[in-house]
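Comments concern the structure below.
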Amino acid sequence: MQEYNVSFGEKEIALAVERFGSPLWLYDLSVIEKHIWDLRFFGIVRYAQKAAPNINLLSRMNELGVDVDAVSAGEIIRALRAGFTPNQIRFTADIFDKDALALIKEFSIPVNIGSPDMLFQLHEAGIKIPLAIRINPGFGHGHSNKVNTGGEFSKHGIWHGELENVAKKATELGFTIECLHMHIGSGSDYIHLSQVVSAMERTVGNIAALVPELKIISIGGGLPISYKRDEIWHIDLEKYYNIWDSARKRLSNNLGHYLQLEAEPGRYLVANSCILAAEIRAVKKVGKNLFYLIDAGFTDLVRPAFYGAYHHISVIHKNGKATNEEVEAIVAGPLCESCDVFTQEEGGIVVSRKLPLAQVGDLLIIHDAGAYGSAMSSNYNSRLLAAEILWEKGKFTQIRRRQTFEQMLSNEIGDE
Ligand code: LLP
């Protein structure tokens, strides 16, 4: 069984933890590079930076030819700081807050609207930029209900039945619609992702006369990766691309001009590129269960607690000696919540996992943690955000320092 998806190994991890502390995020740039290469067929690859927004990762991706999605003022600032030009950025959201609207106006950043009100707010603010429209096709799918972004109970996108009105209104107000976009959810499967193709064809067909300047069809994100080592699979990207490309050609013929395809992956580019290393700080028996308690919690990686998400786990022994002995263990963190457990299933069911026999001081490695890992960390329980390290050309560089207690407290002032 191939334990690691990253190219550095146990020795490098142990050295990095010694140098930069624990817990620690370690990314491998070569994995990100490879996954960008996998998507080379698509005309535009727009990285959904919410998955891992460190500006050092963003600038490397910029150099690798990727554009970027931003969903908040903070993400616009990150993209600009990482060297993206304003027209390489697209702001996708269902609302504008005031900070975001101000930055969009200042830098003329293209926008993907997910609510009709956004159209009016752009107009009122005197912003005239080419638009994308995010369509809710009436169905959605994702690895968990929490990440399904289509259908009648989803707040995302413009309902397909409203699209004609919104497109008419946009034209009346002098906007051009350059992109139509659908994102039905994250970590979906091949069948559901492919259903989007016919929904897109139908929708574009219905409003073709209203979008004469359409240039781009965006298929959103959602590309899944396999997290489990005993069921490794890879989405057949070439087949997936070909389905979309045939639709693109048919739509191009209908509209009478060339259309480009755009993909907007988050997870696919970064999930496999990163591990979270933590130290085992206690090993204890609770009734018939054995717990490994580590110094990372859901304040670092929330996916297991939030979605019951599975991450492969391995151990690095502090004396460097591997053992063949395995035990059933539950892996949990330091937080004062019973859901602070890395081995759990959807619905908060705690389960044990067969893991190497380990002791205090050994490192516990949580794999494939690059997407929505560090990005969703918090200061809950007043725990500090961990450092991030990038493995590039055979060496580690620190790309985010560990937060300090002073930084955590710095905005808590008592001024009137
Ligand atoms: N485009 C839009 C409009 C999105 O909302 C998202 C993700 C993406 C692209 C990228 O989706 P991806 O390729 O990563 O599946 N925190 C959850 C995932 C939330 C996804 C939110 N939107 C998780 O840890 O699984």
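Principal-axis analysis of the Cα atoms of the chain puts helix 10-20 at an angle of about 90° to the longest axis. Here the Karplus curve 6.51 cos²θ - 1.76 cosθ + 1.60, taken at θ = phi - 60°, turns the phi angles of the range 208-214 into couplings of 3, 5, 8, 10, x, 9, 4 Hz, with x standing for Gly and Pro. Here the simple spin-label model places points 7 Å from the Cα toward Cβ, and for residue 1 and residue 176 these points are separated by 5.5 nm. Lysine pair count for the range 1-115 with Cα-Cα distance under 30 Å and sequence separation of 8 or more or different chains is 4. As a length-normalised measure over Cα pairs under 8 Å and 6 or more apart, the relative contact order of the range 179-292 settles at 29 percent. The trypsin sites (Lys or Arg not before Pro) of the range 19-48 that meet both conditions, a loop assignment by DSSP and at most 14 other Cβ atoms within 10 Å of the site Cβ, are 40. Computed on the Cα atoms alone, the convex hull of the chain gives a volume of 152 cubic angstrom per residue. Rg and Dmax over the alpha-carbon atoms of the range 248-357 stand at 20.8, 70 Å. Summarising the overall dimensions of the range 91-197 from its C-alpha atoms, the Rg and Dmax are 14.3, 42 angstrom. In percent, rounded to a whole number, the relative contact order of the range 273-331 is 32, using alpha-carbon pairs under 8 Å and six or more apart. Roughly how many Å is it from the Cα centre of the range 1-41 to that of the range 298-358, as a whole number? After rounding, the separation between the Cα centres reads 19 Å.
Please identify every one of the chymotrypsin sites (Phe, Trp or Tyr not before Pro) in the range 243-346 that sits in a loop by DSSP and has no more than 13 other beta carbons within 10 Å of its own beta carbon. Spell out each step's value before the answer.
Details: sites: 244, 258, 268, 291, 292, 298, 306, 307, 310, 342; in loops: 258, 298, 310, 342.
Answer in residue order: 258.
Think of each Lys and Arg Cβ as +1 and each Asp and Glu Cβ as -1; about the Cα centre, that makes the dipole of the chain roughly 520 debye. Label sites at residue 398 and residue 323, each approximated as a point 7 angstrom past Cα along Cα to Cβ, lie 3.3 nm apart. From its DSSP helices (H runs of at least four residues, each -39,500 (n - 2.57)), the chain gives a residue-normalised ellipticity at 222 nm of -8500 deg cm²/dmol. Spin-label pair residue 379-residue 125: with each label point 7 Å from Cα along the Cα-Cβ axis, the two points sit 2.7 nm from one another. When the chain is described by a simple charge dipole with +1 on each Lys and Arg Cβ and -1 on each Asp and Glu Cβ, the residue from 160, 143, 261 located farthest towards its positive end is 261.
The 3J(HN,Hα) values that the Karplus relation (6.51, -1.76, 1.60; θ = phi - 60°) gives for the range 170-181 are, in residue order, 4, 5, 4, 7, x, 8, 9, 9, 9, 8, 10, 9 Hz. Gly and Pro appear as x. Principal axis extents of the Cα atoms in the range 128-168, from largest to smallest and rounded to whole angstrom, are 36, 21, 11.
Only the coordinates and a few stated rules stand behind these numbers; no lab work does. The structure presented is a predicted model; accordingly, all values stated were derived computationally and were not measured. A quick note on method: Cβ atoms are made from the backbone with ideal geometry, for glycine too, and the neighbour counts reach across all protein chains shown.
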